[in-house]
Each structure stands twice: as C-alpha cells, then as structure tokens.
Amino acid sequence: MAKEPLPQKLNVCLVARNFPILGRATDLGFLWLIARGLASKGHHVTVLAAQNPQGRAEVEKDGVRVLFLSEGRRARDREAFGDLVKNRFVEIHRDAPFHILHSVDAAALRISRYKKHYKLAVAYDVEATQMSQITAILGMGHETLGSLLSTAFAVGYKFLRTFFGGDRQLLKTADGVFVTSPQQRIVLERYYLYPDARIHNVPYGIEIGDLAPREKSEALRKRLNLPETAKTVVTISDMIEIGEVRSLLRAFEQAVIKKPNSRLIIVGNGPRFKDIEYETLMLALGNKVVMTGAVADAELPEHIALADVFVNLSARTTGFEPSLIEAMAQKKVIVGSEVSPMSTIVEHGQDGFLVRPADIDELATLLLDIFNGHLPTLEIGDAARRKVLNLFDIEKMVIETINAYYAILRGTGFYKKR
C-alpha cells in the first residue's frame, strides 16, 4: 500500500471522560487549552466526553466540537462510557477519518486495539495509566527501616497488580505517551519499559492569562465564619483517601495550640468525607476546621485567595497539581508533597515548600513559622508567581503538542518520511 504524505491539517480526536470547557484550577483544564490552540492553528478537533454540567449533549466553542456522550443516558460506568466512545468514534471516523486519537483515560482502549484497521495513531496521557496509585503509596512512607520495607513491598505489589491488570495492554497499543514531568518519564522508561522515543514531555499547565492575583472575598470570609485576624490554611481534597488530610489535621492540631485564632478550610467532597469529619471531631478541632463540601470550579480561586498558606499533599496525580499552580499564581505560600511532580518545579524555601506527607512534625513547624512571621512570605509568594508565569506558556504548550503529534504519526509507518 502506497504511503501518504503527512497531513498539513490534522483531524484530532480527544477523549476524556471529564472535559472542562475552561482552563483555570481544574484537573483537566490543559485539555481545553490544547483543543482550542489546535483549532486556532487550523486543525480539526473533536472531543468525546461523558457529561456536561449544563446538561448539553453537544457544544461547539472556539472551533472545537465537544460531544457529551452520556447525556440523557442512565449507564455512566467506565465500561459503558468506553462503548459509547467507540461507537461514536466509528461513526465520525467513517465520514471524516481521524489522523490521531489522544486519550486522557483508558476509555479509548476499545479503539486503540484496532488502530491498524482504522489507520490511526494513538496517544495516551500518562494519567490513563494507574501510575498515580504508586506515587500515592510513596508519599505516605516514613524514613524508618520498617516503613521503607513495607512501602517497597506495597509499591511492588501495586505495580504488578496495575501493570498486568490493565496498564500493560494500554501501553502496548500506544504509539506515544504524554508526560508533564521528568518523574513520569523516568518511571515509564525504567519500570514500565516503555520506549523513551515514544514519550513526549509537554508542559501542560493552566490558562495564565486568567491568573491575575485576587483580593480576599469579604463575603466569602463571613459566609465561612472566619475571624478577620485568623491565620488561614486552605486545602483541596477529592476525599478518596484520607492519609494526607489526616496528616494535615494532626499538624494543624499542633499549630492551633499555639495559634488559637488559626483556621483550616478543607474544600471538596468524596467517599471519605464522613471519615475526615470524624477525624476532625476526634482531634477536638470542630470549630477550627471548616469543611465546605463540593465547590464549583469557578469558585475555587476565591477559596484559595483566603489562604495565608495553601497546602496540597496529594501524590495521587502524576502531573502538576492545578490547585497548587493556582495558589502560586496568587502569590500564596504553598506546601506540596516532595514525592509529587511539583517537586520538579518548586524550590524548597524559595518559591514554596515541600514536605513528606507523613511528616506531621515538620509540617506543624512550617505552619507555625509562617503564622509567626519567621519566613519571608511576601518574597516567597512573589517568587512563586514569577515561577508559574515563566513556566507555563500556552503557545509553547500547543506547539510542542503539535510537534509530538507529528512525531507519533511518523512512528506509525503509515506516512512518507520527509
């Protein structure tokens, strides 16, 4: 079969169960930036997603067509969504063949198994694998012999279970994998034995143009019943696991003894909400901790703006944590996990702080130093904002994504080499 030249204008299919049509403080905000950037350069972009908060089955915005496949349907489990993706993909591909499929989760696996039949290049985001479960385990280890041994066993067991339980098959069908940090690249190459030439590092970020520093909302402060002079810690949690939240609660307990006017705001909801609430009551922190429940994405920046220090110790994501990026852009003093990808951009003590999630004493000492004014918080906040503005460049992100797409297409063997 004669090979065709590489297409000048790509027809791209993006797959993401959750696709936010905004770019600020959301886990997948970078996807909208990529889609919009590709469309602005003349490429055709179709997004297959699950649900739209507005209940619309189709949205077309800035040249990007987004189809929400689960709207109006009862079955919304992952298997059902995968079937919906495949059926709609086949329907569209028949009329206007896609050149490349870029999937953020494993929902596209039913398509990628037959990529040769569709003459299709397939790229996955590293978040489609279960690597984040391994980093979460690493984050909760202590630096003791017993903890190191148990952590190593847990990591090994989890790796084998996730690799042979799905990741191996997914990576086998991938013509390329997108990563956002050196940590992800190393893990993919060394442990998953994925070829380095097929790993593409793209600086996924959030929309910098919308990250102007915010003033604290007086209305929100009153609604959350925060004293005017309170030193405030803010954290965001999906409440799937409670290890890092428990560590923060216990560190805050030590800090609030010496600074009774301190408050901790926990934003989010999830399956472990009641467990976290119980932990708060057991530590006698009931009136010192505010649990807001679920908050709309558009309201997250206002909650972050209330913080004197913003903490997110989660290591379950293997990419850059959007809430920490948002807080840095707002000139907040941030505390992240030293085993998360944030450790590759935060300089400890210069533009933020990094701690091991299980190290309660270190976190408590750090909170007290911030509350007592022992650290140059204004200078750290200014440095954090400069770091974010310099690091995340939308145009660079889109160009590098396009370059990666073409490299993936060349690697399939479907096209003539230039």
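It is to be established whether one or more residues within segment 332-344 are in contact with a strand residue (DSSP E or B) (Cβ under 8 Å, 6 or more places away or on another chain), modelled with pLDDT under 95, within 30 Å of Gly37 (Cβ to Cβ) and surrounded by fewer than 21 Cβ atoms within 10 Å (Cβ to Cβ).
Yes.
So, in segment 42-68, of the ones that are basic (Lys, Arg) and not in a loop (DSSP other than H, G, I, E, B), which residue ends up surrounded by the most Cβ atoms within 10 Å (Cβ to Cβ)? Before you say what the answer is, go through the steps one by one.
To start, the set of residues in segment 42-68 that are basic (Lys, Arg) comprises 56, 61, 65.
Imposing the further condition that a residue be not in a loop (DSSP other than H, G, I, E, B) reduces the set to 61, 65.
Details: Lys61: 12, Arg65: 16.
Filtering segment 42-68 for residues that are basic (Lys, Arg) and not in a loop (DSSP other than H, G, I, E, B), the one surrounded by the most Cβ atoms within 10 Å (Cβ to Cβ) comes out as Arg65.
Tell me the residue from Ala298, Ala358, Ala284 that is loosely packed, with under 15 Cβ neighbours inside 10 Å, closer than 21 Å to Arg272 by Cα and assigned by TED's automatic domain parsing to the domain that holds Asp238, please.
Values: Ala298 fails: closer than 21 Å to Arg272 by Cα; Ala358 fails: loosely packed, with under 15 Cβ neighbours inside 10 Å.
One residue alone meets the criteria, Ala284.
The values are calculated or read from the model by the stated rules, or taken from the named source; none is laboratory data. Because the structure is predicted, anything quoted here is derived from the model rather than measured. All Cβ positions, glycine included, derive from the backbone under ideal geometry; neighbour counts span all protein chains shown.
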